């Protein structure tokens with residue numbers, strides 16, 4: 001029996017009352033009549049039992065009624081009439097509620113820390129959006145002002161500045177579209193069309209799509225093996241195509257311009273298929289590995305906007321793969337290259 005238990009309190013108070021009564025009885029009996037122990041013992045037992053019964057019921061009801069309100073507030077319970085009596089266990093009521101309060105406090109601290117992290121992330125995210133949009137907006141403003149100041153009549157610069165303006169506008173459109181894609185993925189509004197398809201055929205199609213861009217940077221893209229049989233997976237073909245384009249395009253942008261290579265490999269993982277995109281570029285620093293899938297996060301090498309991209313490609317890739325209930329990871333070494341790998345469910 002715990003010291004905080006109502007039964008213990010009732011027992012202690014009853015004992016004090018009984019001892020006090022006994023002492024008073026002894027004092028009175030000493031002056032007026034002879035002490036009889038047996039009647040005194042019977043009276044003490046009866047008094048103790050009566051006090052214990054009344055105090056136990058009173059204290060338990062008082063404590064239970066007060067603590068129940070705290071308990072309900074912590075858990076925000078909607079207790080029905082039939083459940084009220086069993087809301088809190090009768091035994092060790094204070095210990096139970098004390099444990100719940102400590103648990104609630106710990107949860108609130110964790111929630112507060114999480115909210116602080118989210119707030120920091122929100123500020124950083126808004127700052128990144130502002131920074132990404134400012135560049136094309138200021139470029140457009142500069143080009144338009146130049147044209148208005150007389151450049152429009154100058155054949156040597158008017159078409160050139162209009163093309164640059166178009167490029168900046170296209171960059172803004174790409175950022176907005178990528179943000180919209182991520183928003184749909186995060187809110188589960190974008191429904192995946194899961195179907196059986198050949199991942200090898202899809203990869204070859206993506207390689208052909210990016211071949212010209214790769215050749216401009218003297219980078220070769222190839223499959224690790226000459227797959228003569230189809231490899232079927234269950235996924236959204238359109239979205240996985242987007243994943244492959246983003247990963248291979250990323251390897252082209254940051255690959256080695258001299259003898260650059262991008263290799264795509266497939267590995268059987270029982271129920272899943274592992275797809276890896278490997279390049280021999282400059283690699284990613286260890287401190288950047290954990291953040292490469294964040295929105296707008298750029299490694300030091302990728303700071304220059306001249307390389308193109310919105311800074312959202314890898315974030316989109318991560319969301320698409322996780323929407324398939326699969327995983328994606330990256331391993332990299334400076335000066336050697338990087339490998340991005342993701343899994344897909346194999347088709348039966």
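Values quoted throughout were computed directly from the atomic coordinates according to the rules given, and no laboratory measurement underlies them. The shown structure was predicted, so the numbers you read here are calculated from the model rather than taken from an experiment. Backbone-built Cβ (ideal geometry, glycine too); neighbour counts: all protein chains shown.
Okay, here's what the table says:
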quantity: Hypothetical label at residue 265: residues of the stretch 332-348 whose amide nitrogen lies under 18 Å (7 Å Cα-Cβ projection); calculated: 332-344
quantity: Net lengthening on full extension, residue 102/residue 166 (0.36 nm per residue, minus Cα-Cα); calculated: 17.1 nm
quantity: Burial ranking of peptide ranges 219-229, 333-343 (average Cβ count within 10 Å, highest at the top); calculated: 333-343, 219-229
